[in-house]
Amino acid sequence: MSATENTPLPKAQPPVKFTGLKLSAPKKYAAGVPALISTAKHIIEETEPGRGFKTLMRLNQKKGVDCPGCAWPDPDDHRSALGEYCENGAKAIAEELDKKRADAQFFKQNSVYELSLLSDYEIGKKGRLEEPMVLYKGEQYYTPISWDNAFELIGKELNKLNHPDEAVFYTSGRTSNEAAFLYQLFVRQFGTNNLPDCSNMCHESSGVALGETTGIGKGSVKLEDFYETELIIILGQNPGTNHPRMMSALQKAKKNGATIISVNPLQEAGLISFINPQHPLEMLGSGTTLSDEYLQVKINGDLPLFKALIKLLYEKEQTNPGSVFDLDFINNKTKGYQDLIESIKEYDLEELAVGSGISLSEIRKVAEIIASKKKIIACWAMGLTQHKNSVKTIAEIVNLLLLKGSIAKPGAGTCPVRGHSNVQGDRTMGIYEKPSDSFLNNLEKVFHFKAPRKHGYDTVDAIKAMERGKAHVFIGMGGNFLSATPDTEYTAKALRNCRLTVHVSTKPNRSHFVHGEVALILPCLARTDKDIQASGPQFVTVENSMGVVHSSEGTLEPKSNKLKSECAIVAGMAKATLKSETTVNWDELVSNYDNIRDVIEKTIPGFDNYNQRARIPEGFYLPNCAREGTFSSIGGAALLTVNDWEEIKLESNQFILMTIRTHDQFNTTIYGLHDRYRGIYNERRVLMMNKNDMQKHGLNERDNVNIISHFNGEKRVAERFLVIPYNIPEQCLATYFPEANVLVPIDSYADRSQTPTSKSVIVTVERL
Ligand SMILES: Nc1nc2c(c(=O)[nH]1)N[C@H]1C(S)=C(S)[C@@H](COP(=O)(O)OP(=O)(O)OC[C@H]3O[C@@H](n4cnc5c(=O)[nH]c(N)nc54)[C@H](O)[C@@H]3O)O[C@H]1N2
Ligand SMILES: Nc1nc2c(c(=O)[nH]1)N[C@H]1C(S)=C(S)[C@@H](COP(=O)(O)OP(=O)(O)OC[C@H]3O[C@@H](n4cnc5c(=O)[nH]c(N)nc54)[C@H](O)[C@@H]3O)O[C@H]1N2
Ligand SMILES: [Mo]
């Protein structure tokens with residue numbers, strides 16, 4: 001059926017429907033029996049349980065399959081015989097093994113507009129994609145297309161462009177090293193560095209801050225460091241939900257005597273205490289208390305908090321030089337001490353305390369703890385990276401670690417906890433819009449072509465380019481670009497402006513329904529699926545949050561014979577686009593992934609004997625100049641930096657809003673409707689608000705409100721949320737991603753990393 005004049009545009013935002021909110025008291029511990037029950041429920045309801053449980057047992061085992069959930073590392077030594085998995089890893093697996101099929105019949109029965117009326121939860125439950133689908137210009141229904149025709153269509157559209165820079169090639173962080181390497185090679189042979197990725201919205205601020213201060217845009221710790229550290233500071237991270245396997249590392253640290261300080265506007269259950277569901281005896285008790293100190297900062301209060309801590313530590317150091325700071329380390333391994341101290345002196349402790357939302361006496365107490373410790377690890381995630389001043393905040397945390405000599409020694413260092421299971425590996429493989437010259441030089445040497453040198457678009461710039469008609473083709477290697485990016489309606493317009501949008505996906509998502517003139521969905525094998533190429537079964541490699549590269553091999557028979565691996569899909573696109581112009585034998589590379597690893601070894605430092613070491617069951621560590629203490633890439637010394645602080649000024653009716661994850665989602669994939677640890681059930685459209693603020697604004701529990709964001713005189717509205725009283729600092733609000741992304745202005749991003757400010761949106765609330 002063709003589109004008529006009256007066909008409405010598919011919806012970019014999920015429908016506004018309430019699903020039946022239930023509330024209970026927030027939990028005081030993570031995991032325990034409810035986690036086991038939830039694990040079993042997801043496996044039994046969504047998979048054929050034989051396949052589901054078999055996969056769980058192999059999860060994160062040596063030579064097993066890497067969990068497609070988060071990027072937390074696996075223990076080098078002892079791994080649980082029950083499978084190294086967690087409740088949310090089980091949900092991720094259940095998604096991949098989904099019994100249901102989003103097949104040609106499904107797309108025939110539902111127009112794109114109809115599909116766009118479903119909630120994200122409903123879309124995600126439609127099952128795995130089966131075969132390539134196309135939506136031709138003016139049509140309302142996706143129909144099947146052969147792989148060859150799909151590749152040809154892509155090649156034709158790409159070659160029609162006036163310049164390769166008119167295409168955008170996005171990557172989400174599940175893509176394996178092998179597929180990522182091939183993808184960037186294809187894109188650079190095509191002639192552009194337009195390689196935005198999910199990292200731009202995630203840990204980009206960490207990468208920028210760490211790269212400049214420690215010489216490497218990655219963390220410096222190993223998992224073993226957790227077992228011998230004296231102090232762990234966890235900021236802006238909710239590990240009970242988003243990195244549940246981190247919980248056992250925290251528990252072990254605690255048992256070995258470490259102190260834990262949590263910094264978070266919410267009292268997250270997983271930071272309070274933990275009952276290990278893999279230890280039956282523990283299930284009877286009350287668990288391990290984790291945080292010794294809990295600093296419930298205001299949203300974005302971390303920078304003034306760390307300034308205050310550094311100021312207090314300096315004052316104490318003055319009374320007894322050498323007792324607090326590591327002077328040897330400062331003198332031999334850092335630059336910038338005097339400037340940092342001079343700048344810290346300018347700040348007033350009372351003002352910093354007010355800015356942080358923590359009383360000065362509490363800050364003093366924490367400073368005393370830090371003063372006495374020599375081995376400190378700082379962990380953080382999105383609560384730090386998604387603000388305007390994120391790069392400065394993270395650099396300030398590095399300042400504290402450097403002053404304490406808490407880097408480049410056992411039990412100490414930086415730990416940005418990564419999100420997607422291979423987001424770090426993708427960057428190592430060259431998925432980066434600002435590649436270094438040395439990376440491009442190597443690529444040119446190995447593959448004999450002229451690589452583009454002009455830096456490409458990151459995520460925010462890519463959206464703007466499409467919106468302004470400067471880019472006409474969008475290709476997404478995984479991910480859900482429309483729903484993950486800021487400013488949903490603006491991004492929808494950007495995608496609709498394209499001549500062609502292509503998504504390489506495992507499951508349907510909203511980005512398939514808000515499309516360019518022509519749209520393709522290319523279904524790929526998932527992590528758990530068996531991947532057979534010309535030379536036989538293949539494994540892939542990934543890099544975890546701590547720089548360990550290891551293998552992952554799916555063993556389950558794919559449910560459709562029309563799925564291709566991501567590597568094969570890249571090769572198909574590359575051949576159809578580059579034709580005789582390419583210097584790469586794509587078929588040979590894909591026939592045996594050892595061939596891909598051979599060329600990676602030639603191109604990227606640190607991958608010597610890649611094929612041999614990829615077969616070491618526990619994997620191998622990549623070089624890390626911050627861990628090794630050479631700081632070689634920045635001239636041999638780490639940098640202490642001056643990071644000025646300016647408070648975000650709110651008017652009396654304004655709030656600062658953070659957009660966070662529930663316990664039942666993986667980014668834009670919604671597993672269920674509960675946020676169990678926070679005691680919020682069966683509803684995602686909730687707005688967590690301090691009781692005093694509710695009173696002040698005359699709001700009652702479950703009142704219906706619109707949330708309105710204010711930026712540069714522009715207004716954006718997220719319609720109809722239910723207000724609930726919650727333990728959150730005054731003038732701070734929380735709600736869920738992706739429903740609230742419509743509020744995040746495209747022009748509001750972190751200085752220097754361009755990460756959208758998803759955790760600090762200035763809003764007002766309007767009662768309906
Ligand atoms: N099950 C599951 N696992 C996941 C994901 C998932 O969606 N589901 N996503 C993956 C990905 S891609 C990522 S990046 C990670 C995300 O992992 P997290 O960063 O833990 O995810 P968020 O839900 O965004 O939580 C941010 C936390 O920061 C706090 N916070 C917000 N603003 C501030 C602030 O200004 N200061 C401080 N100190 N704290 C603040 C919030 O209260 C919340 O606890 O998880 C990964 N793992
Ligand atoms: N407001 C707000 N916005 C945010 C955030 C926030 O905290 N608040 N967090 C940001 C962060 S940290 C991130 S990382 C981004 C995430 O952004 P994305 O990575 O773009 O989004 P995901 O939801 O992880 O992508 C899910 C889709 O990936 C596909 N998929 C799953 N597995 C595979 C696979 O193995 N291969 C392929 N090819 N496809 C697969 C499925 O089709 C699924 O629909 O969102 C960002 N957006
Ligand atoms: Mo992320």
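The values are calculated or read from the model by the stated rules, or taken from the named source; none is laboratory data. Every value quoted in this text rests on a predicted model; they were computed, and no experiment measured them. Please note: Cβ atoms are built from the backbone with ideal geometry, for glycine as well, and neighbour counts cover all protein chains shown. Just so you know, the surface numbers come from the protein's heavy atoms only, side chains and all, with ligands and any DNA or RNA stripped out. Shrake-Rupley method; radii C 1.70, N 1.55, O 1.52, S 1.80 Å.
Out of (1) open to solvent by 10 Å² or more (accessible area, probe 1.4 Å); (2) of a type in the set (A, V, I, L, M); (3) more than 20 Å from the chain's Cα centre (by Cα), the odd one out for ALA484 is which?
Only one criterion is unmet by ALA484, namely (3).
Take the conditions away from ligand 3 (no atom under 16 Å from the Cβ) and modelled with pLDDT under 95 and apply them to GLY672. Does it pass?
Working: away from ligand 3 (no atom under 16 Å from the Cβ): yes; modelled with pLDDT under 95: yes.
Answer is yes for this residue.
I'd like to verify a number: residues in the stretch 262-293 that are away from ligand 2 (no atom under 16 Å from the Cβ) and in contact with a Leu (Cβ under 7 Å, 6 or more places away or on another chain), how many? Show your work before the answer.
Filtering the stretch 262-293 down to residues away from ligand 2 (no atom under 16 Å from the Cβ) leaves 262-263, 267, 269-293.
Now narrow it down to the ones that are in contact with a Leu (Cβ under 7 Å, 6 or more places away or on another chain): 262-263, 271-274, 277-278, 290-291.
Count: 10.
Where in the stretch 659-768 are the strands (runs of 3 or more DSSP E), entirely inside, with at least 1 residues that are in contact with a Ser or Thr (Cβ under 8 Å, 6 or more places away or on another chain) and open to solvent by 10 Å² or more (accessible area, probe 1.4 Å)? Don't jump to the end; show me each part of the working.
Numbers: elements: 686-689, 704-711, 714-725, 732-736, 761-767.
Once the strands (runs of 3 or more DSSP E) in the stretch 659-768 are filtered for at least 1 residues that are in contact with a Ser or Thr (Cβ under 8 Å, 6 or more places away or on another chain) and open to solvent by 10 Å² or more (accessible area, probe 1.4 Å), what remains is 704-711, 714-725, 761-767.
Among the residues of the stretch 506-529, write down those that are away from ligand 2 (no atom under 14 Å from the Cβ) and in a loop (DSSP other than H, G, I, E, B).
Listed by number, the residues that qualify are HIS515, GLY516, GLU517.
Of ILE358, ILE369, ILE377, which residue is touching a residue at least 24 places away in the same chain (Cβ under 8 Å) and open to solvent by less than 10 Å² (accessible area, probe 1.4 Å)? If you could, list the steps in order and put the result at the bottom.
On the way: ILE358 fails: open to solvent by less than 10 Å² (accessible area, probe 1.4 Å); ILE369 fails: open to solvent by less than 10 Å² (accessible area, probe 1.4 Å).
The conditions single out ILE377.
Under 9 Å between Cβ atoms, at least 6 apart or on separate chains: pull out the pairs that start in the stretch 453-471 with a residue that is in the same structural domain as CYS498 (by TED's automatic domain parsing) and end on any residue that is open to solvent by 20 Å² or more (accessible area, probe 1.4 Å) and of a type in the set (Gly, Ala, Ser).
Qualifying pairs under 9 Å: THR459/ALA484.
Which residue pairs have Cβ atoms closer than 7 Å, lie 6 or more positions apart in sequence or on different chains, and pair a first residue in the stretch 31-54 that is at negative phi with a second residue that is of a type in the set (Lys, Arg) and not in a helix (DSSP H, G or I)?
GLU46/LYS99; THR47/LYS99; GLU48/LYS99
Would you confirm, using the coordinates I've provided, whether PHE666 is more than 20 Å from LEU482 (Cα to Cα), aromatic (Phe, Trp, Tyr) and within 16 Å of ligand 2 (Cβ to nearest atom)?
On the way: more than 20 Å from LEU482 (Cα to Cα): no; aromatic (Phe, Trp, Tyr): yes; within 16 Å of ligand 2 (Cβ to nearest atom): yes.
Judged against the criteria, PHE666 is not a match.
Which ranges mark the helices (runs of 4 or more DSSP H) fully within the stretch 313-393 that have 2 or more residues being more than 19 Å from ILE233 (Cα to Cα)?
Working: elements: 327-333, 337-345, 349-356, 360-372, 382-385.
Qualifying helices (runs of 4 or more DSSP H): 327-333, 337-345, 349-356.
Tally the residues that are farther than 28 Å from THR757 by Cβ, part of a helix (DSSP H, G or I) and either at pLDDT 95 or above or within 16 Å of ligand 3 (Cβ to nearest atom) (or both), restricting the search to the stretch 273-310. Give the steps one after another, and end with the answer.
Residues of the stretch 273-310 farther than 28 Å from THR757 by Cβ: 273-290, 292.
Okay, now just the ones that are also part of a helix (DSSP H, G or I), so 280-284.
Among the residues that remain, those that are also either at pLDDT 95 or above or within 16 Å of ligand 3 (Cβ to nearest atom) (or both) are: none.
Total satisfying the criteria: 0.
Which condition breaks for PHE53 when tested against (1) in a helix (DSSP H, G or I); (2) open to solvent by less than 50 Å² (accessible area, probe 1.4 Å); (3) under 27 Å from THR541 (Cβ atoms)?
(2)
If you go through the stretch 587-630 one residue at a time, how many are within 17 Å of VAL540 (Cβ to Cβ) and not β-branched (Val, Ile, Thr)?
So the count comes out to 21.
Let me spell it out: the conditions are (1) among the charged types (D, E, K, R); (2) at pLDDT below 95; (3) within 30 Å of LEU303 (Cβ to Cβ), and ARG627 meets all of them except one. Which number is the exception?
So ARG627 meets the others, but not (2).
Would you mind finding the one in TYR142, TYR170, TYR183 that is more than 27 Å from TYR671 (Cα to Cα) and in contact with a helix residue (DSSP H, G or I) (Cβ under 9 Å, 6 or more places away or on another chain)?
Details: TYR142 fails: more than 27 Å from TYR671 (Cα to Cα); TYR170 fails: more than 27 Å from TYR671 (Cα to Cα).
Just one listed residue meets the conditions, TYR183.
Among the residues of the stretch 358-403 satisfying the criterion of being of a type in the set (S, T, N, Q) and within 16 Å of ligand 3 (Cβ to nearest atom), which is nearest to PRO756 (Cα to Cα)?
GLN386
Going through THR259, THR229 one at a time, which residue ends up being within 21 Å of ALA408 (Cα to Cα) and crowded, with 23+ Cβ neighbours inside 10 Å?
Values: THR259 fails: crowded, with 23+ Cβ neighbours inside 10 Å.
Unique residue meeting the criteria: THR229.
Of all the residues that make up the stretch 437-475, how many are part of a helix (DSSP H, G or I), more than 16 Å from ligand 3 (Cβ to nearest atom) and touching a Phe, Trp or Tyr at 6+ places or on another chain (Cβ under 6 Å)?
Residues of the stretch 437-475 that are part of a helix (DSSP H, G or I), as a first pass: 437-447, 459-467.
Still in the running and more than 16 Å from ligand 3 (Cβ to nearest atom): 437-447, 461-467.
When the remaining residues are screened for being touching a Phe, Trp or Tyr at 6+ places or on another chain (Cβ under 6 Å), the result is 465.
Within the stretch 437-475, residues that are part of a helix (DSSP H, G or I), more than 16 Å from ligand 3 (Cβ to nearest atom) and touching a Phe, Trp or Tyr at 6+ places or on another chain (Cβ under 6 Å) number 1.
Cβ contacts < 8 Å: first residue in contact (Cβ under 8 Å) with a residue 12 or more places away in the chain, restricted to the stretch 343-354; second residue polar (S, T, N, Q) and not in a helix (DSSP H, G or I), any location; separation 6+ or different chain. Result?
Listed pairs, sorted by first residue: ALA353/SER359.
So, in the stretch 405-434, exactly how many residues are in a loop (DSSP other than H, G, I, E, B), away from ligand 2 (no atom under 16 Å from the Cβ) and open to solvent by less than 10 Å² (accessible area, probe 1.4 Å)? Let's see the steps before the verdict.
Filtering the stretch 405-434 for residues in a loop (DSSP other than H, G, I, E, B) gives 405-412, 417-419, 421-422, 429-434.
Next cut, away from ligand 2 (no atom under 16 Å from the Cβ) only: 405-412, 430, 434.
Of the ones still in play, those that are also open to solvent by less than 10 Å² (accessible area, probe 1.4 Å) are 405-407, 411-412, 430.
Residues meeting the conditions: 6.
Wholly within the stretch 70-185, which helices (runs of 4 or more DSSP H) include no fewer than the required count, namely at least 1 residues that are away from ligand 2 (no atom under 16 Å from the Cβ)?
87-96, 104-109, 112-116, 147-160
Might you check whether a residue that is surrounded by 23 or more Cβ atoms within 10 Å (Cβ to Cβ) and outside any helix (DSSP H, G or I) occurs anywhere in the stretch 565-583?
yes
Give GLY430, GLY478 a once-over and let me know the one that is on the phi > 0 side of the Ramachandran plot, of a type outside the set (Lys, Arg) and either over 22 Å from the mean Cα position of the chain (by Cα) or more than 16 Å from ligand 3 (Cβ to nearest atom) (or both). Break it down into steps so the answer makes sense when it comes.
Numbers: GLY478 fails: either over 22 Å from the mean Cα position of the chain (by Cα) or more than 16 Å from ligand 3 (Cβ to nearest atom) (or both).
The conditions single out GLY430.
Of the conditions (1) within 30 Å of LYS311 (Cβ to Cβ); (2) touching a residue at least 40 places away in the same chain (Cβ under 8 Å), GLU651 fails just one. Which one is it?
Every condition holds for GLU651 apart from (2).
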